Amino acid sequence: MHTSEFAGDFSARDSRIAINSYTTVLRRTGVPHNLFATYWRDVHGPLCARLEGLGWYVQHHLSREQDAHLWPIIDEVKPLDGYVLDGGVEIGFMSEADQQRFKKASAILFSDEQNMFEETLAYDVPDGSNTLVDRLPDPIPNETSVLDRMHVHFHLADGNQNAARDAIKKLAAEMASASAVLKLRLHMAEPYDNQQPAPPAPDVDHHASEPRLNIVVMELAFESAWTRRSYYASESFKSITRGISEHVRYITPFGVSGVYTYVRDAIMTTAGVRGSRQAELISQLGAINQTHDDVETLFGAAPRA
């Protein structure tokens, strides 16, 4: 089996984010995808990045045109029919006090969601998300994805939720030990409560269908589709996924078209300061003067530590 040449493990760098959230997003009906994606990256993103208390902000743009083999059918567990998304968002904090500061400032952000989102569902991850392995050196990716990335949503079966979560944790740990897996990050979300819809954005749907109330999200990265499919075909993968239907009703994978980082460890990235596409241009031209403090302060950024 082809294995990755990526070396090292940078997973420990994510541990400072003590509290996280994972929000699924669906673009507003009638808004063209390119307009939606550009607005989200370059208008909404920098607005969110400036809010007080924010420690971590990453946009994962999901593609509706997906590889048919992102995740294999195991024990007859199939994707949830009709489940379509355009993105997943991580918003995290280094402390509970920081989270409260963000909540007090967030009305200005949520009022912007109606411009491009049809639906958003914010799942709490109160103990923080867990990066089990990360062989990717860049801590602040701002790029159209060149690797084979995906988010896999595990819709938990009725019954013993703790046992289901433990089973997914065990599966994740075993997958993270495989050399083919470049990154595995697990979002152990709390059950979504339709009686307390979140986030509180006006004119945006926040109601979850029953199969979406209890999910766990696995972020995966492989070097290529070849590497991924070779790993899925291995006896090791078949062994560790056997019996998954006891704990999971559906497994819905989403291909990732781009990953854009706006805040890391409470510091705005260039994408946060200037916008994601502008940050790409600065990087491509090596325009290092654009990231100097005297320039970034003109755009409202505090000097970097």
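Readers should treat all values here as calculations from the given coordinates under stated rules, not as data from a laboratory. These numbers were taken from a predicted model, which means no experiment stands behind them. When we count neighbours, we look across all protein chains shown, and the Cβ atoms used for this are built from the backbone with ideal geometry, even at glycine.
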Long-range lysine pairs (8 or more apart or interchain), the chain, Cα under 29 Å: 9
At a 10 angstrom cut-off on C-beta neighbours, averaged per residue, how do the peptides 72-83, 26-37, 214-225 rank from highest to lowest? 214-225, 26-37, 72-83
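Tell me, in nm to one decimal, what length is gained between Ala233 and Ser177 on full extension, where the rule is 0.36 nm per residue of separation less the Cα-Cα distance? The partial results should precede the final answer.
Details: separation 56, 0.36 × 56 = 20.16 nm, distance 1.62 nm.
Answer, rounded to one decimal: 18.5 nm.
Order these by the 10 Å Cβ neighbour count, fewest first: Leu285, Leu132, Leu70. Walk me through the intermediate numbers first.
Values: Leu285 9, Leu132 19, Leu70 23.
Ranked by crowding around the Cβ, least crowded first: Leu285, Leu132, Leu70.
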Over the Cα atoms of region 150-268, compute the convex hull volume and normalise it per residue, giving Å³. 149 Å³
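Calculate for the chain the 222 nm mean residue ellipticity that helices alone would give, adding -39,500 (n - 2.57) per DSSP H run of length 4 or more and normalising by residue count, nearest 500 deg cm²/dmol.
Numbers: 10 runs with 76 residues, N = 305.
Helices in the chain give a 222 nm mean residue ellipticity of -6500 deg cm²/dmol.
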Could you work out how far apart the two model spin labels at Arg16 and Ile267 are, taking each label as a point 7 Å from the Cα in the direction of the beta carbon, and quote it in nm? 0.7 nm
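Whole number please: convex hull volume per residue of the Cα set in region 89-214, in Å³?
Values: hull volume 18.7 nm³, N = 126.
About 149 Å³ per residue, rounded to a whole number.
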Given N residues in region 11-299, what is Rg(Cα) / (2.2 N^0.38 Å)? 0.98
Where in region 264-305 does the label zone of Leu47 land, with the point 7 angstrom along Cα→C-beta and an amide N cut-off under 15 Å? 275-276
Within region 205-228, find all residues whose amide N lies under 20 Å from a label point positioned 7 Å from the Cα of Phe6 along Cα-to-beta-carbon. 217-228
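By the gyration tensor of its Cα atoms, with a ≥ b ≥ c the square roots of the eigenvalues, what is the shape of region 1-126: rounded for a/c under 1.5, prolate for a/b over b/c, or oblate? Can you show the working numbers first?
Details: a/c = 1.87, a/b = 1.19, b/c = 1.57.
Verdict is oblate for region 1-126.
Can you tell me the dipole magnitude for the chain around its Cα centre, using point charges on the Cβ only (Lys, Arg +1; Asp, Glu -1), in Debye to the nearest 20? Before the final figure, lay out the partial values.
Working: 28 positive and 41 negative charges, 57 e Å.
Its charge dipole is roughly 280 debye.
So how much slack lies between Asn162 and Leu213, counting 0.36 nm per residue of separation and subtracting their Cα-Cα distance, in nm?
Values: separation 51, 0.36 × 51 = 18.36 nm, distance 1.46 nm.
Taking Asn162 through Leu213 to full extension adds about 16.9 nm, to one decimal.
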How many nm is it between the label spots at Asp203 and Lys78, if each spot is 7 Å from the Cα in line with the beta carbon? 3.8 nm
